[in-house]
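One structure is given here, and the rest of the page talks about it.
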Amino acid sequence: MSLDLSLLNPLQREAVTAPDGPSLIIAGPGTGKTLTLAYRIAYLISELGINPEKILAVTFTAKAAQEMKDKLFKILPADSSCTQYLTHLTVSTLHALGLSFLRQHEEKVGLLPDFQILSESEQVQLVKEILSQRMPQESLNRALKWVRKISEQKNLIGGDAPMGLDLQLDHAQKILSAYEKKLLERNVIDLDDLILKPLILLQEFPEIREDYQNRFKYILVDEYQDLNNPQYLLLEKLCGPKTSAWIIGDADQAIYAFRGSQVKSFLRFQQENPQTRRIHLERNYRSTEPILAGALSVIKNNTNRIPHNLFSSNPDGPPIYVFHASDHQAEARFIVKEIEKLVGGTRMESHCEGPGMFGFSDIAILYRLHHLSFPFSEALQESGIPYQIVGGHSNNVDSISGYLVSILKMVLNPHDDLSFRAIAPHLDKQPDFRTVFLSLIDRYQRESSFVSLGTLIKNIVREMKIKEKERFEWLTLVDPFQNGRADQQLPHFLEYISLLKEGETYNPRAEAVTLMTVHAAKGLEFPTVFIVGLESGVFPCTEFGEEPSEREEERRLFYVGMTRAKQRLYLSCAKERFLFGENRKQPPSPFISEIPRETIENISVRRKPSKPKVKQRTLFS
């Protein structure tokens, strides 16, 4: 039985069935990028008879990798023998792939077996230790800045100079050298090393490079626009002379410049592979025409982009709603009232039917900075509306309760002093607190030999008095590791969560409004989206610079936020906002003025809400 391609449109089908050789698929938001990639893999296996062992598919997140495998089982013909070979297929993030390389060849890059990956909180502790020796006056915030600077410098390979770090300065060079020395002494690596060390491995050991090149004859890359220079070079080394590279992404959605990703990766691929076949996916299946038209009008103001046409499969829909609030509290009250109207009252059911009727899980509130979330979470809580906050830090695990990672590391190794120092600020400072805590770790260590990982974590989060919402997130994360004893599963679990990116703990099954940064929302979609805090200086954010390239990055981020919306999009700003410890008065974001007037409806709190056809009583009726 052959692969059924009838669900694909002509351009998707062209991308899926492209002959061997370099292919660049430019896929705008909502154009079925993930589906097209999955069908491409299925086509290689089912129709061309390619051994799955010869295929490497690179995704941006671990969650996307698992979803890709699940999708392949559904796509491949039911009576096909191909599905039994899918276990041999490599679908992975680059960081997870790099980790597997290092586990096989650790001694060649100066690592010992059982090396560990630093959490962000442990990385900060390590940098603070170095700074205290050289610059005792340095603060925690300064340490965080140095962590970012170190990452920028480590990702400099093959790219432009990092912002804000002049390594010609003597003390900067010494701090970086001291940092690398301490990593080696402790047999630990940071996330950047998961790319850099495998890159060194492939550069310095031709036999290893050739082995991987012979193994992977087909390399497919998702979210190509998000690659930074070391990641680009790593993939380049994996591609041999006979490798067929198939990449997909959208330069207009490149939003990780702070991690070193660059729009020019697309252009670079074509320049280095002149015979590249380029295919544009143009049909948007997600957003209504007013939303898509508004988003396209915004992104067309960028000059550093690949021109790309998009048209909507959903021509009908309401305009983009814009609300100007007097302050952030009025903005939050308006959004709560609008949510109550959209769901037909404060209630718990989801996915209800009828015009203008939504469930809580159909709604997302997106913002540029995590600090903006607080008035909205407070207003939702006061109104009895369930919500989930996703992310909030550069390392998503730290937003869940990052010190729990360090506790689990101490269960593996009670002598891990770096993990202890990351935990210490969260402990009651009684005279014997270290002794008491270490006895607790000893008990957890003994428990781990006869209970499941889920049971162990339940016991820890209960005793550490971790909040209910965060407890739920942890127990959701541990689901794939329930089989076997905790001491057997814990090393694998710690590796897994160390590779999580912001947004990967989003739970689509939660009957709750979702609050997240626009960065965390990348790859997601919601029937209704509120983008809040749209003031000049906030979004676009000027905290990290005001160069033209940075403004274009902010515009791409706004474009990503707008195109998360399927049916309704609300944009809101406040004349006055309390942010970073002060009241700020700022004009509306210039991005709002880039949206065509005919696609916008300005609304006020005095607007009488349209009456839904189905009346739902509230809990308080």
Original post:
Quick check: is even one residue across region 296-307 over 26 Å from the mean Cα position of the chain (by Cα) and aliphatic (A, V, I, L, M)?
Top reply: no
Subject >> Of residues in region 502-517 being assigned to a strand (DSSP E or B) and either in contact with a Gly (Cβ under 8 Å, 6 or more places away or on another chain) or among the β-branched types (Val, Ile, Thr) (or both), the one farthest from ALA64 (Cα to Cα) >> reply: VAL513
**OP:** Would you check if SER23 is in contact with a strand residue (DSSP E or B) (Cβ under 7 Å, 6 or more places away or on another chain), closer than 30 Å to ASP211 by Cα and of a type outside the set (Asp, Glu)?
**Re:** yes
Original post:
From ASP222, ASP211, which residue is surrounded by fewer than 18 Cβ atoms within 10 Å (Cβ to Cβ) and under 18 Å from GLY98 (Cβ atoms)?
Top reply: ASP211
Original post:
Which fully enclosed helices (runs of 4 or more DSSP H) of region 518-597 have 2 or more residues being within 18 Å of the chain's Cα centre (by Cα)?
Top reply: 518-521, 548-562
Subject >> Count of region 555-576 residues which are in contact with a strand residue (DSSP E or B) (Cβ under 9 Å, 6 or more places away or on another chain), surrounded by fewer than 24 Cβ atoms within 10 Å (Cβ to Cβ) and among the charged types (D, E, K, R) >> reply: 3
**OP:** Note down all Cβ pairs under 6 Å where the first residue falls in region 405-422 and is touching a residue at least 40 places away in the same chain (Cβ under 8 Å), the second is among the acidic types (Asp, Glu) and in a helix (DSSP H, G or I), and they're at least six residues apart or on different chains.
**Re:** LEU418/GLU122; ALA422/GLU122
Subject >> Selection from region 208-242 of residues that are among the polar types (S, T, N, Q) and either touching a Phe, Trp or Tyr at 6+ places or on another chain (Cβ under 7 Å) or assigned to a strand (DSSP E or B) (or both) >> reply: GLN225, ASN228
Original post:
Just wondering, is there one or more residues in region 176-184 that are assigned to a helix (DSSP H, G or I), closer than 30 Å to LYS63 by Cα and modelled with pLDDT of 90 or more?
Top reply: yes
Original post:
Does LEU296 fit the bill of being assigned to a helix (DSSP H, G or I) and over 30 Å from ARG564 (Cβ atoms)?
Top reply: no
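The values are calculated or read from the model by the stated rules, or taken from the named source; none is laboratory data. From a predicted model like this one, the values you see are computed outputs, not experimental measurements. Here the Cβ is made from the backbone with ideal geometry for all residues, glycine too, and neighbour counts use every protein chain on show.
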